[in-house]
Amino acid sequence: MPFARREGLKVRIRHADIERRVRAVARQITRDFKGQRVHLIGVLKGACFFLADLAREIDLETSIDFIAVASYGKTKESSGQVRMLKDLDNNVAGLNVILVEDILDTGLTANYLLRVLRQRRPKTLKLAALLDKPSRRLKPVEGNYIGFTIPNEFVVGYGLDYAERYRNLKDVCILHPTPR
Ligand code: IMP
């Protein structure tokens, strides 16, 4: 029996559907920035698989960087505080920056990072996220490139974790039976 099944996880989005959707999002970015360079900034660690797949499907000059913020840790609830753990390696002034998140949940992380990045004067600043849980928002944040909108379920896989587990699953799965 596969690991995810043994763990009692339920598939929410199959890998094949993720691949198809990531290609579509990349095509949209390619169209929007035709003839230009884009600079993808992945939010560690959850966005690393999405960023890796997205970057390879974008048919433009593309550079990447990573930023890390304090995350949920071992619990499923946000502390409401965002703290930078690792800053960017490179300056983003004048670049077409796309912040790449695994999921937009309360919106606190994206809201904080968009504010920080805007102060650094990029040419344009967009937000991409594999998943969006709009029903959980505490801060008004809207993604420009969204993979899938999902209901209020805690999901793991394709970069998303629960206490650092399950990031390597190819599918996005619902972690259950643990009520929130
Ligand atoms: P925020 O609440 O929008 O600031 O999201 C912060 C971070 O919480 C996300 O980037 C994810 O790493 C994590 N997160 C939110 N919802 C989930 C989930 O359903 N599964 C796993 N991680 C999540």
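Values quoted throughout were computed directly from the atomic coordinates according to the rules given, and no laboratory measurement underlies them. Computed from a predicted model, the values in this text were never measured in an experiment. All Cβ positions, glycine included, derive from the backbone under ideal geometry; neighbour counts span all protein chains shown.
The table that follows gives values for the structure above.
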item	result
Spacing of the two label points (7 Å from each Cα toward its C-beta) at R23 and E7, in nm	2.7 nm
Calculated from backbone phi, Karplus (6.51, -1.76, 1.60) coupling profile of segment 25-32 in Hz, x at Gly/Pro	5, 5, 4, 4, 5, 4, 5, 5
Distance between modelled label sites at M84 and E142, nm, 7 Å Cα→Cβ extension	2.7 nm
Value of [θ]222 nm, deg cm²/dmol, for the chain, DSSP H segments ≥ 4, -39500 (n - 2.57) each, nearest 500	-7000 deg cm²/dmol
Dipole magnitude of the chain about its Cα centre (Cβ charges: Lys, Arg +1; Asp, Glu -1), debye to nearest 20	240 debye
Likely footprinting exposure, V82, V25, V97, fewest C-beta neighbours within 10 Å first	V82, V25, V97
Relative contact order of the chain, pairs being alpha-carbon contacts under 8 Å that are 6 or more residues apart, as %	25 percent
Interchain or long-range residues, amide H under 5 Å from R12's placed H	V172, C173, I174
